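Just below is one structure, and these are the notes that go with it.
The values are calculated or read from the model by the stated rules, or taken from the named source; none is laboratory data. Model, not experiment: these values are computed from the prediction. In this analysis, Cβ positions are derived from the backbone assuming ideal geometry, glycine residues included, and neighbour counts consider all displayed protein chains.
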Amino acid sequence: MSRSTVSPSLARRAELLAVEQLPFFDRLLWDSDSPVGLVDFVMGGRRSAAHESVAADQLTFWTLLTPDSDALTDRLVMVGGTSVLSRRTSSVSHALLIEFPRTDPFVLAVWAAETSGVVHLLSSVPVSDGRWKRVERWISNTTAGAKVFLSDGDFLRIGDRMAEFGVMGVSKLTARSGDGSSLNRGFPSRRQPSLLEAVGMVDRNSQLRTVLMHVGDVLSIHLRRLAGATFYSGDFSIFYDCVLREIEATATRQRTLFSGRTRHVNVPIAPPVSITLPDGFFGNRAQSGEFIGALSSISHLAVATVHRNPYLHLAVSDYTDGSTFDVFVTSDDEVDVHGGFTSSVEGFARLVTHITDLLPATDIREKRLESVGSLEELVALGG
Amino acid sequence: MESYTKAELLRSHEIYDDLVSIVSAFEFLFTEVGSLVPTVEHFERYPSVKHSVDNRSTTPDFTVVFKDGVGLAGEIARFPLHENGVDKLCSQIQRYDTLDVLPGATASPVEVPQGVDVLLIVPFSLGTAAVKRVLRDRMLEDGHAYAPGRAPCIVQYTKDSERYTFQRINDPANGRLRESNRSEGLGAWLEADNVPVRADRFQQIKAARRFGNDPIDPLYLAAHLWVTEFAELSQEQPRIGRYVSLVVDTPAVANRLRTRYGKGGKKDVDRAMAILGAAQLATPLGGSKWRVAWGELARRNQIDSLLEVIAERAESRPKSGPVSAMLRTERESREKSEQSRLF
């Protein structure tokens, strides 16, 4: 008998059974119904765990842009289907009780960040766990939320904030090259580089993807390019201030960056959002071809080449919400994205994060269009 | 029924898009370069003016009205091999030469008391041929029908990895732009140096205005409709299986294009819809209406974008595709609902 056809009493029994099997922190998440801040909630939970001599769980966070956390939760319930056994709502969060076949149940919380339009997904399931991977696919399949890109500058800023509390070292990093190959490097505890040194170890055509960072016993975290972070151990309030709040600030900046770029009739078009790449990345025609192919292979994007030489111009739309864009590559180290007549903030964020995921992007920002004073200047600048 | 070949469709698309890019580059020069802007009264991207001689519409690729009373008509041309084609081009630019009004800022024509200079823009590979075939073989030939009041200024262009570069062909027969009464003139720079325009200078203009003044290339418009206009129109429409069923009326689509981009006629849309029809992505409903089966399209080659997919499908005219899949799903669903009513 499938879950969709079980009687309400059997469904209730399955839910109770799953709740009984939840790890310590997930159980707290599920049972929590009082309006409490994230720091108080986690620190209270860790104190309870210590009191009951239970090992404290690691906590996985994933920050998303969403106009409506209720709608995001509804979409997750819909995409999750029968794997979502139940849901609960408090004033600050939604909690989903999830169980995939032949795996342990767990709780996924959708926790509203302090700034509106931003939420943190929260779970004790590690990012390497197959269950988390399925949650990632749910997010990719829903239009209600969009990922956030952390630039090299965001990584370094978080590292600097952590370094306020002691000597900060990197024990592991992963990077991905423009050709898709990966780099994994581990460092023994006596020779851990700073984050700045670690970033410098990644060659210019590769993109730093994740870092495992520590500040003595004060904090141990994993930071990921698409705005994810794991709190392993230490003082959660420092993690909250130095990592989550910084990610939240980046998410808010990106929401602002992607806002107001919808085109309107007879109104001057807003400048594009520019994705920075290593110098010379788009050095040849083959690179453009690979980029078109990779972008076209993303199932919810429609991509048509408008121009391929001397520059690249693509018309792109998002099948899921009808957002439309013009994508230009006019120099070898930048991709520019212009909003169309219907470009939602989330659609914009989805396209930009897809591009940052395909290419070794280091930053995103509004393109600064420099004015040209004279033809002499234009000629001197080479155009 | 028109037949298509993928290679020809893509070639024609490329030529049209070059035209759009070059017009965008000149729009940038005349509307954004600080020293040229004060000399310009109006740049028109989609000019159409009635000629005083025969009251017929004349449509250069762009026009400029300068504050010193001189006008400019720009024509971007790929040279035809046959002589008739060159005669046609010459007769076209001769009409520009005798224009006494050009479009002004308020959409109504304004007088250009000093007359109109003609700027003929050709690919580098055709520059020398243009001088020979337009200027020497025709303009300088006694008794030839092509006898403009002023020689056209022929400019050639090249493209490299990031920019278009324009240059006046240095030939005594080649015309010059009249700009002695201006603080800055493009013609002097085209004569003295190469004038490069990087694509990032005009990308915003091109993204906003999208089309050129020639009839819109059918594949160019078909891809634009599919990726941009139909993507938006499909959001509120019913999904039948994998595809969204979208009914469009070509005059309404043309009107939408004109409102948004300033260009687009029913004939342009009809030609684009014919390509989508051949590609099994749309089917005619009679009159000017079409039904589109809009949704994700399969790609055969890893680096093919939808442009190539549409061109390939238009060439092969597949018997089945999104339209037949949508109609089949619709029929099955209707039969199922009729059956359930019977029982």
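Quick notes on this one:
- Those helices (runs of 4 or more DSSP H) lying entirely in the range A:14-100 with at least 3 residues outside the structural domain of A:Ser220 (by TED's automatic domain parsing) and closer than 26 Å to A:Ser140 by Cα: A:24-31, A:69-80
- Residues that are part of a loop (DSSP other than H, G, I, E, B) and without any contact (Cβ under 8 Å) to a residue 40 or more places away in the chain, drawn from the range A:161-204: A:Asp179, A:Gly180, A:Ser181, A:Phe187, A:Pro188, A:Gln192, A:Pro193, A:Ser194, A:Val202, A:Asp203
- The strands (runs of 3 or more DSSP E) found entirely in the range B:21-85 that carry 2 or more residues being modelled with pLDDT of 95 or more and of a type in the set (Val, Ile, Thr) are B:62-66.
- Pair list, Cβ under 9 Å, 6 or more apart: the range A:278-306 residue closer than 16 Å to A:Gly178 by Cβ and facing another protein chain (nearest Cβ under 9 Å), other residue among the acidic types (Asp, Glu) and in a strand (DSSP E or B): A:Phe282/A:Glu334
- Filter result (modelled with pLDDT of 90 or more, in contact with an Asp or Glu (Cβ under 7 Å, 6 or more places away or on another chain) and under 17 Å from A:Leu358 (Cα atoms)) within the range A:265-295: A:Val273, A:Ser274, A:Ile275, A:Thr276, A:Leu277
- Of the helices (runs of 4 or more DSSP H) lying entirely inside the range B:258-343, those carrying at least 2 residues that are surrounded by 13 or more Cβ atoms within 10 Å (Cβ to Cβ) and under 28 Å from the mean Cα position of the chain (by Cα) are B:266-278, B:306-316.
- Of the residues making up the range A:328-340, one or more are in a strand (DSSP E or B), in the same structural domain as A:Gly283 (by TED's automatic domain parsing), in contact with a helix residue (DSSP H, G or I) (Cβ under 9 Å, 6 or more places away or on another chain) and closer than 19 Å to A:Arg225 by Cα.
- Options A:Ala49, A:Ala95, A:Ala56, A:Ala71; residue that is buried (at least 21 other Cβ atoms within 10 Å of the Cβ) and either touching a residue at least 60 places away in the same chain (Cβ under 8 Å) or of a type outside the set (Asp, Glu) (or both): A:Ala95
- Considering the range B:160-185, and only residues there that are within 8 Å of chain A (Cβ to nearest Cβ), out of contact with any strand residue (DSSP E or B) (no Cβ under 7 Å at 6 or more places or on another chain) and farther than 16 Å from B:Val122 by Cα, the residue that is modelled with the highest pLDDT turns out to be B:Glu184.
- Taken together, B:Ile22, B:Ile15 contain a single residue that is aliphatic (A, V, I, L, M), farther than 16 Å from B:Gly71 by Cα, more than 11 Å from chain A (Cβ to nearest Cβ) and touching a strand residue (DSSP E or B) at 6+ places or on another chain (Cβ under 9 Å), which is B:Ile22.
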